Each structure stands twice: as C-alpha cells, then as structure tokens.
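Worksheet: one structure, shown below.
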Amino acid sequence: MASFILTLTAEDRVGLVAAVTGFLADHDGFILDSQQYADLETGRFFMRVEFQAAGVKFPGSLDALKTAFANVASVHHLDWQLNAGNAPPSIVIAVSRASHCLNDLLHRWHTGTLPVNIAAVVSNHETCRSLTEWHDVPFHYLPVSDDNRAAQEAQIRSIMDAAGAETLVLARYMQILSADMVGQLAGCCVNIHHSFLPGFRGARPYHRAFERGVKLIGATAHFVTADLDEGPIIEQAVERVDHRASVEDMIRIGRDIEAQVLARSVKWIGERRLLLNGMRTVVFR
C-alpha cells in the first residue's frame, strides 16, 4: 500500500504533535513511523511522519491530501513538505576524476538500496563516462575554467531543472562553486570531504597527514555554503590507523569512509529524514 511522508518544522509550541496526529486520525491516516525533536536552544520543532490510508475518509490523492493539510499548516505556521513514499527524489551527481564515491552511489542505486533517482552525472572530466553509462545514466561532460564558470554552472542548473532534480551531490567534484551557484542551491547541495580539514587543506592531504602521524582517518558530508567546507554537517565517520599505515593505506581507508558517509547522507535525503536547523541538521534515522 502506498505511503506518504510529511516533514515539517515550526516555532515550537504546545499542540503541534496533536495537530498533526489529530489531522491524520480525522482523515483515516494510519501512522507507520513518527519522530519529532524540539530544539530547546533555538525554539524550533521538527517532525517526520510516515503514514498510509486506513479508511474511506482518507483523501484520494497526494494533491487532495496537501489541500486538506494546508489549513492545519496555516494555523500552526508550519514549514512543511508532503511527498509520496514511493516517489524517490531525483538527484544529479557532480564528479571530477576520482570515481570511488560515484561508483558506490551508482552501485547502491542500481541494486535498489539507494532510495533516489540518479537523473544524471555531470563532470569536468571524461574519466567517469564509461562507469556512468554502464549504469544507463546520462553523462554530461562540462569542462570548466575561470572564463566559462558561470556558463558551465548554468548548464548544471539546466540539467537539474530538466530532470526535476532536488539535490546536487558533489561526489569528489574538485571545483569550488561560485557564490551565485551556492546561493541558488542553498540547502540542496551536498559535499563530501576528508576529515583532515581544515588542518590539511589543498593538495595531497593524506601525504601530509602521514607525515604528521595522524591516528584517525575520517570523512564528513555536509551541505554546501559560501564558507568552504563549513556548511551544516550531515554525517561523519572515522577509522583508527597506527604507525604501520602507509600513505596508500590512508588513501584507501579514506576513500572507503568517504563513500560510506556520502551514501548514508544521500539515503537520508531520499527517505526525507534530513532537516536543516540553522548551521546544524536534524537526521531522523
């Protein structure tokens, strides 16, 4: 049976949970999963509810359901989204030469374990074309330089718009997006980087980490903001290493963690489990 996912945030106050669950009870909605969080520091309330029809009073379509709920949302000043559970969001993936994160996402999607629609892959290199096209995903080679950056980013936006893509996933895309592009994709662009940042910025971070004898290898997935690599964090993971680890070991471990962390983040986006909370995130796992 089809399910629906309601996500919302609002200024916290008494009665928000009752308003949502009361609406569902009045319209024969059967709750499958419900999670909520009240941030006492910011005074914001967050909620995710997955439900399905359980009687004749349930609206017959997603549009009818949205129309019926709009009055509740207006009364309680909710910032909300209502989506069909069987309609995964579309994403576009941007990649440069490194293929480990892209390969992992494509494999998970191809095997049905990543609840998104990968609408296209864009890249400033041809390196990942064969991998992408083997999975029957459109590949767009969009070379970029300082002279054509605005036009290239406009092409990416055009590809996203044509596919109805909600999110741009930077899967080791080694280009810094312009401030204009970041502004257009606020809350809709996810990046992955190694967790040495900001300690080892720039080229060859694992080599410099090896020279310093680091004991933890990690990765961070975050939303992209104008402050490079400092956007709201979605997910992080680490793995311990010791003196026996070579540079090649660190690179291999780092790539594995990057792929895992990015895949979790994209999965949560697909399942509508991720909500922005200022410079932090709420993840209803």
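Checking segment 86-109 against the condition returns a match, with at least one residue being of a type in the set (Lys, Arg) and within 29 Å of Ala163 (Cα to Cα).
Does Glu166 satisfy the criteria of being within 16 Å of the chain's Cα centre (by Cα), in the same structural domain as Gly202 (by TED's automatic domain parsing) and among the acidic types (Asp, Glu)? When the stated conditions are applied, Glu166 passes them. Restricting the first member to segment 210-229 and to residues that are touching a residue at least 40 places away in the same chain (Cβ under 8 Å), and the second to residues that are crowded, with 19+ Cβ neighbours inside 10 Å and among the acidic types (Asp, Glu), the beta-carbon pairs closer than 6 Å and six or more apart or on different chains are Ala219/Glu258; Ala221/Glu235. The single residue among Ile234, Ile217 that is assigned to a strand (DSSP E or B), of a type outside the set (Lys, Arg), modelled with pLDDT under 95 and in the same structural domain as Gly112 (by TED's automatic domain parsing) turns out to be Ile217.
Would you point out which residue out of Arg129, Arg201, Arg157 is of a type in the set (D, E, K, R), more than 19 Å from the chain's Cα centre (by Cα) and over 20 Å from Asn103 (Cα atoms)?
On the way: Arg129 fails: over 20 Å from Asn103 (Cα atoms); Arg157 fails: more than 19 Å from the chain's Cα centre (by Cα).
Matching residue, one of Arg129, Arg201, Arg157: Arg201.
With a requirement of 3 or more residues that are under 30 Å from Pro138 (Cβ atoms), the strands (runs of 3 or more DSSP E) lying completely within segment 1-102 that satisfy it span 3-11, 79-84, 90-95. For segment 112-151, what are the residues that are surrounded by fewer than 19 Cβ atoms within 10 Å (Cβ to Cβ), assigned to a helix (DSSP H, G or I) and in contact (Cβ under 8 Å) with a residue 24 or more places away in the chain? Of everything in segment 112-151, those that are surrounded by fewer than 19 Cβ atoms within 10 Å (Cβ to Cβ), assigned to a helix (DSSP H, G or I) and in contact (Cβ under 8 Å) with a residue 24 or more places away in the chain turn out to be Leu131, Arg149, Ala150. When Ala209, Ala221 are checked against the criterion of being of a type in the set (A, V, I, L, M), buried (at least 20 other Cβ atoms within 10 Å of the Cβ), on the phi < 0 side of the Ramachandran plot and under 16 Å from the mean Cα position of the chain (by Cα), Ala221 stands alone in meeting it.
Residues in segment 256-285 that are among the aromatic types (Phe, Trp, Tyr) and in a helix (DSSP H, G or I): Trp268 only.
The values are calculated or read from the model by the stated rules, or taken from the named source; none is laboratory data. Values in this document were obtained by computation on a predicted structure and should not be read as measured data. With ideal geometry, Cβ positions are generated from the backbone for all residues, glycine too; neighbour counts draw on all protein chains shown.
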